[in-house]
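Asker: Before I ask anything, let me first share the structure, which is written out below as structure tokens.
The values are calculated or read from the model by the stated rules, or taken from the named source; none is laboratory data. Given the structure is predicted, the values throughout are model-derived calculations rather than measurements. Don't worry about glycine lacking a Cβ; one is built from the backbone with ideal geometry, like all the others, and counts go over all protein chains shown. Areas reflect the complete protein model, heavy atoms only, side chains present, ligands, DNA and RNA absent. Shrake-Rupley method; radii C 1.70, N 1.55, O 1.52, S 1.80 Å.
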Amino acid sequence: MSDDCIFCRIIKGEIPCSKVYEDKEILAFKDIHPQAPVHFLIIPKKHIATLADATLEDVPVLGRMLELAPRIAREQGASEGFRTIINTGRHGGQEVYHLHLHVLGGQPMPALLKY
Ligand code: 5GP
Ligand code: ZN
């Protein structure tokens, strides 16, 4: 837990969130600025700053986050598929330094990259 981490504060209940899933190791909640009709974040309760900071010890929780994504996406109404994103570091566009998996859906998502 990190006192100055906004997602750790959400886990502790100090900042409210619109929760969509919780267990001992994982919390999922709606993004405060949704970029699609369905947009929620899946986070480990352990403070891991970025995907680049994850270690072998974190593999089980990362696997569970991926396994949960389709289940929660369906429950939230993304019936035709969804997009998962993990932004990592400055060049990855990461704003909150507590590892999180974005899940977006409920509409066709635009092409990710065009060259
Ligand atoms: P990043 O750019 O780090 O991948 O994404 C961070 C995401 O967290 C953004 O989509 C932003 O809208 C969301 N976010 C930031 N602060 C809060 C908050 O206090 N509550 C919720 N629910 N989402 C937040
Ligand atoms: Zn944190």
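Asker: Rounded to the nearest 500, what is the 222 nm mean residue ellipticity of the chain from helices alone, with -39500 (n - 2.57) per DSSP H run of 4+ residues and division by all residues?
Answerer: Counting only the DSSP helices, I get -6000 deg cm²/dmol.
Asker: How much length is gained if the chain between Glu67 and Ser18 is pulled fully straight, taking 0.36 nm per residue apart and subtracting their Cα-Cα distance, in nm to one decimal?
Answerer: 15.6 nm
Asker: Expressed as a rounded percentage, what relative contact order does the chain have, with Cα pairs under 8 Å and six or more residues apart?
Answerer: Reported relative contact order: 29 percent.
Asker: Moving on to the next point. Can you compute the label reach from Asp53? Point 7 Å from Cα along the Cβ direction, backbone N cut-off under 13 Å, restricted to the range 71-115.
Answerer: Zone members listed by number: 88-90, 95-100.
Asker: Give me the net charge of Ile48's neighbourhood, meaning all other residues with Cβ under 12 Å from the Cβ of Ile48; Lys, Arg count +1, Asp, Glu -1.
Answerer: -2
Asker: Whose amide H sits under 5 Å from the amide H of Leu99, counting only residues 5 or more places off or on another chain, with H placed in the peptide plane?
Answerer: Distant-sequence amide H within range of Leu99: Ile48, Ala49, Thr50.
Asker: Give the ranking of Asp53, Asp3 by solvent-accessible surface, highest area first, calculated with a 1.4 Å probe.
Answerer: Asp3, Asp53
Asker: Also: Which order do Lys24, Lys30 take when ranked by solvent-accessible area (1.4 Å probe, heavy atoms of all protein chains), largest first?
Answerer: In descending accessible area the options line up as Lys24, Lys30.
Asker: What figure in square angstrom, to the nearest 10, would you give for the accessible area of Lys19 with a 1.4 Å probe?
Answerer: Estimated to the nearest 10 Å², Lys19 gives 120 Å².
Asker: If I model the chain as equal point scatterers sitting on the Cα atoms and use the Debye formula, what is log10 I(q)/I(0) at q = 0.19, 0.21, 0.23 Å⁻¹?
Answerer: -1.04, -1.26, -1.46
Asker: To continue, here is another question. About its Cα centre, what dipole magnitude does the chain give when the only charges are +1 on Lys and Arg Cβ and -1 on Asp and Glu Cβ, stated in debye to the nearest 20?
Answerer: 260 debye
Asker: Same structure, new question: Please give the helix 59-75 orientation as an angle from the longest Cα principal axis of the chain, in degrees from 0 to 90, rounded to the nearest 10.
Answerer: It works out to around 40 degrees.
Asker: Quick one: net charge around Ala28, please, counting Lys, Arg +1 and Asp, Glu -1 for every other residue with C-beta under 14 Å from its C-beta.
Answerer: Neighbour charge sum, excluding Ala28 itself: +1.
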